[in-house]
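The values are calculated or read from the model by the stated rules, or taken from the named source; none is laboratory data. Note that this is a predicted model, so its numbers are computed, not measured. Note: ideal-geometry Cβ built from the backbone for every residue, glycine included; neighbour counts use all protein chains shown.
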């Protein structure tokens, strides 16, 4: 595939630890629900139509690049396309979230799953990436993503969102051998999926472990980190990688130990402590409290400057500490991005 | 009031930093939804009937002492009795949680609230404490509690439970002066309320900041810690105190700085790191993952021994890292308590 040279490669340079004029900025969930143009598409097409139609996915992916001015595009998709590709039914219930009507509870359920041919089952994501890459024409880098195996297990066993995912945890604690079998199947699928994303045009892959912070440090190592480590290992040479395990500040040192290029952090840790835990060989990404985007714009700009002051401009990507909230005015999201762009190295 | 001498004062000695034969053990939310005898009362009486009838509240409070063997009783009540006493309507919707149909949004809403006479509005809690104390007849110490002002503000502004409490946070970020006025009113009420609990028989008061972990370290100091500090200060000489701010591991040092006797921690921090942050002058309480009580009993017992090994037996109270889940079998809760009681200092 012919790839246009990147006009803005700030994200890639920051991830490689190279010098940048200013930190790159993007926002988790930037393609989506707070953007009026997205909401129009949402009214016309179902969630999976939006994911599975490469033209729609590309349009949604590019919206925040054009309308908010972020330094990277992240492909519009969902982490649950992987369980779906492995043979599980996944529904998206408007206003309620995902529903997997036949959750995994025992060995029999597990035997219904399979290791898919990702080109056959997830080819639509690869097509969307290739079309997006082409349409971006080198404006900004393109990020692909996947859910961490632990987070996918949470949904596959619990069957829906949960504050505690206690059924998923009980499954792991009472049937650990089965849990590890499932986690390995998800991991193998995810590796093939992420490699396909890199081939299709993703410059970076981010692994989202949204529920990593529900585990104790010891359980996180056992049920999450060891599978994330396999994924990061397998992707070396294919693309740059970022691990975002929400709430799992305690594992920053082992995340850095995987050799991933970046680690996302939430706002519940100070930049100084995160850097201390993570060491100097990984780029930190974060950690603006998404609720802070509901502040008045001058407050947002001030808080962004303070955030960059605290992180420093080296090995740092400005981002939120979790996904953007649906009720954030577009102007406020723009103010966040602008504040990073206005940050001059002289002020540091 | 004549008070029977305590036959089991392990909890109080652990909180004072005195030597104990073994760590005391109790469980957050131990009086409640996993106990069949509680469920029977729940079928007959509404939530607030159970709280407001001192005879019922006493019966529920004592159930886990007699049936599970914990080393402390914690009064059956709810943190939302304080907003209720300040003039807000609070409903408990079965299976959904609390609903405050007229949440605080502006100055006008705030003016409808008042600083209550706690004896008049919350006298039923004091009566329940006194009756419980009498009925316990010195078997174990009695814990009273209150919500931290930040957590109460969350419900009073958001009007219901939430994963992010983004409306409550937006209120604080966009109208900080009003937020601080509300937090101070809650604090003043809470101090009077906790002093009343101590007078009525509570040996210990625990302040629950269930949503402290949603704030950044800086915002936690501004919107939560400074009010918790006032409460702990005001209670010195009245009773022993424990701060439990779920997820706010980053503030352990400042919690210890308040002079509180204990700090509760959740399972997302190792005992060693918690001790390092908190220093040696405060008793740590926690931090068993509540979902781990869904493991097979031998696994529970093993994990409890490992937990105590990691914390050590000095200045330590065995507890969960959050409330017990409703689907925990009573046998498993008992196994947790027994494992602590079986822990011999020789094994340490």
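Brief remarks on what is shown
- When the residues of region B:304-313 are filtered to those that are without any contact (Cβ under 8 Å) to a residue 40 or more places away in the chain and more than 23 Å from the chain's Cα centre (by Cα), the one that is nearest to the other protein chains (Cβ to nearest Cβ) is B:306.
- Yes/no for residue A:220 being buried (at least 24 other Cβ atoms within 10 Å of the Cβ) and over 17 Å from the mean Cα position of the chain (by Cα): yes
- Selection count, region A:1-45, where residues are exposed (fewer than 12 other Cβ atoms within 10 Å of the Cβ) and within 28 Å of residue A:90 (Cα to Cα): 4
- Matching helices (runs of 4 or more DSSP H) fully within region A:1-54 where at least 2 residues are modelled with pLDDT of 95 or more and more than 22 Å from residue A:282 (Cβ to Cβ): A:36-44, A:47-52
- Scanning region B:314-332 for residues that are surrounded by fewer than 23 Cβ atoms within 10 Å (Cβ to Cβ), more than 13 Å from chain A (Cβ to nearest Cβ) and farther than 20 Å from residue B:297 by Cβ yields a single hit, B:314.
- When region B:244-261 is filtered for residues that are assigned to a loop (DSSP other than H, G, I, E, B) and within 14 Å of chain A (Cβ to nearest Cβ), the ones remaining, listed by number, are B:246, B:247, B:248.
- For residue A:241, the requirement of being away from chain B (no Cβ under 14 Å) and more than 15 Å from the chain's Cα centre (by Cα) is not met.
- Residue B:283 meets the conditions (1) in contact with a helix residue (DSSP H, G or I) (Cβ under 7 Å, 6 or more places away or on another chain); (2) in contact (Cβ under 8 Å) with a residue 24 or more places away in the chain; (3) under 21 Å from residue A:247 (Cα atoms); (4) crowded, with 23+ Cβ neighbours inside 10 Å in every case but one. The failed one is (3).
- Of all residues in region B:93-123, those that are farther than 21 Å from residue B:142 by Cβ, modelled with pLDDT of 95 or more and surrounded by fewer than 17 Cβ atoms within 10 Å (Cβ to Cβ) total 15.
- Flag if residue B:341 is touching a residue at least 12 places away in the same chain (Cβ under 8 Å), surrounded by fewer than 21 Cβ atoms within 10 Å (Cβ to Cβ) and in contact with a strand residue (DSSP E or B) (Cβ under 9 Å, 6 or more places away or on another chain): yes
- Any hit, region B:74-93, residues being assigned to a helix (DSSP H, G or I), free of Cβ contacts under 8 Å to residues at least 40 places away in the same chain and under 21 Å from residue B:30 (Cβ atoms): no
- Residue selection: residue A:230 satisfies the criterion of being more than 14 Å from chain B (Cβ to nearest Cβ) and more than 24 Å from residue A:19 (Cα to Cα).
- Any hit, region A:158-168, residues being at pLDDT 95 or above, under 24 Å from residue A:255 (Cα atoms) and crowded, with 18+ Cβ neighbours inside 10 Å: yes
- Qualifying position, being assigned to a loop (DSSP other than H, G, I, E, B), more than 14 Å from chain B (Cβ to nearest Cβ) and touching a helix residue (DSSP H, G or I) at 6+ places or on another chain (Cβ under 8 Å), among A:98, A:103: A:103
- Counted as qualifying within region B:116-224 are the helices (runs of 4 or more DSSP H) with 1 or more residues that are more than 14 Å from chain A (Cβ to nearest Cβ) and touching a residue at least 40 places away in the same chain (Cβ under 8 Å), namely B:118-121, B:123-136, B:149-158, B:176-200.
- Filtering region A:94-115 to residues that are over 26 Å from the mean Cα position of the chain (by Cα) and without any contact (Cβ under 8 Å) to a residue 24 or more places away in the chain leaves A:108, A:109, A:111.
- Count of region A:267-292 residues which are more than 21 Å from residue A:12 (Cα to Cα) and at the interface with chain B (Cβ under 9 Å from one of its Cβ atoms): 9
- If you go through region A:293-303 and keep only what is more than 7 Å from every other protein chain (Cβ to nearest Cβ) and in contact (Cβ under 8 Å) with a residue 24 or more places away in the chain, you end up with A:293, A:297, A:300, A:301.
- Any chance residue A:113 is more than 14 Å from every other protein chain (Cβ to nearest Cβ) and either part of a loop (DSSP other than H, G, I, E, B) or farther than 23 Å from residue A:59 by Cβ (or both): yes
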